[in-house]
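Okay, so here's the structure we're looking at.
Bear in mind that the values in this text are calculations on the coordinates, not laboratory data. Keep in mind that this is a model prediction, so the values were computed, not measured. Here Cβ is always computed from backbone atoms with ideal geometry, including for glycine, and neighbour counts include all displayed protein chains.
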Amino acid sequence: MYAIIRTGGKQAKVREGDVIDVEHLRAEGEVDFTPLLLVDDAGTVFSSREALKAAKVVARVVGDSSGPKVDLFKYKAKTGYRRHQGHRQLYTTLEVLRIEVPEGAKRNRPEPKPAPAATPTPAADEVPDRAEAAGKPAPGDKAAGKAAKGRAPAAAAPADKKKKES
């Protein structure tokens, strides 16, 4: 079920539980809106004024916020004409609590969601390493990688090389 409401010269599509930002309202607590259009859970559209008089959207004021800053700058070349102006729109955050429907509207109560089944996690020693499961050597084991490919590792070079004395 959803409704279309009008506030601040704009329209918004809302459902129960939605949190929306609308242009600043000087209100606290709960706010009522008369919907412009209402669609019930069966898909029936209510748009006549008589039917919508009985309908109501109830929202709770959550808080106020400010939108992004808009800078306006006018400039004309070679005349010294410059005008600078700024604007920041105020918004009110609303949470839609309920949509009261007219007579004849069908409302399906949401079914409680089943709790997700707990999946047992295997112990750390039971989980095979991805490299072992794929038959590949560990990333830092170069000798094992060459041995797996059929090549023997090269002999290690001596660490101390004698410098020629002149």
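In table form, for the structure just shown:
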| item | result |
| --- | --- |
| Extension gain (nm, one decimal) between Thr34 and Arg88, 0.36 nm per residue minus Cα-Cα | 16.6 nm |
| Pairwise FRET efficiency - Glu100 versus Lys76, Cβ, R0 = 45 Å, nearest 0.05 | 0.20 |
| Qualifying trypsin sites (Lys or Arg not before Pro) for segment 62-101 [loop in DSSP, other Cβ within 10 Å: at most 11] | Lys78 |
